[in-house]
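Throughout, read-outs are computed from the coordinates displayed, never taken from laboratory work. A quick note: this is a predicted structure, and the numbers were derived from the prediction, not measured. Every residue, glycine among them, receives a Cβ derived from its backbone with ideal geometry; neighbour counts consider all protein chains shown.
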Amino acid sequence: MVDLTQIMDNEVFMAFASYATIILSKMMLMSATTAFYRMTRKVFANPEDCVTFGKGENAKKYLRTDDRVERVRRAHLNDLENIVPFLGIGLLYSLSGPDLSTAILHFRLFVGARIYHTISYLTPLPQPNRGLSFFIGYGVTLSMAYRLLKNKLYL
């Protein structure tokens, strides 16, 4: 059985934990950003959320969609679709004993690509900005999965 102090002494794992914390904090910020846009634009998806601003028929006018709110919501959804696989594969990768500089390069590229993806989504910047940042992050996760399958797992 692995002792917890061994994991804490693993520099690659600690680097992964640091970058995972950064990217999870960014994803949590997207939840707050979505709520901010919903409140400031008075755009809600559920009838019970509209009660603060009106009752009955008056509340129904707040049940609508807004392009800016939807853009923030889609950026958050895209984070959920990409950060969760990175966390799973990155954890296994970090525990497989990769070279520290290679692992940090993977982690930095992913975090940078996701932050740039959010900036390019919310600004919005013209394509291919968002597409390139998506594929860089996706490619990093695939690279870690490939290295893990090729070198460490028994298939």
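Taking only the C-alpha atoms of the range 98-155, the Rg (one decimal) and the largest Cα-Cα distance, Dmax (whole number), read 13.7, 45 Å. Between Ile22 and Asp67, the modelled labels are 3.3 nm apart [label points 7 Å from Cα along Cα→Cβ].
Within the range 121-155, whose backbone N sits under 19 Å from a point 7 Å along Cα→Cβ of Thr102? What the label zone holds, given the 19 Å backbone N cut-off, is 137-155. In a fully extended conformation the segment linking Thr123 and Val84 would gain 11.6 nm over its present Cα-Cα distance, using 0.36 nm per residue. When the Cα convex hull of the range 14-153 is projected onto planes of every orientation, the mean area is 9.6 nm².
Inverting the pair-averaged 1/r between distinct Cα atoms of the range 80-129 gives 12.2 Å as its Kirkwood hydrodynamic radius.
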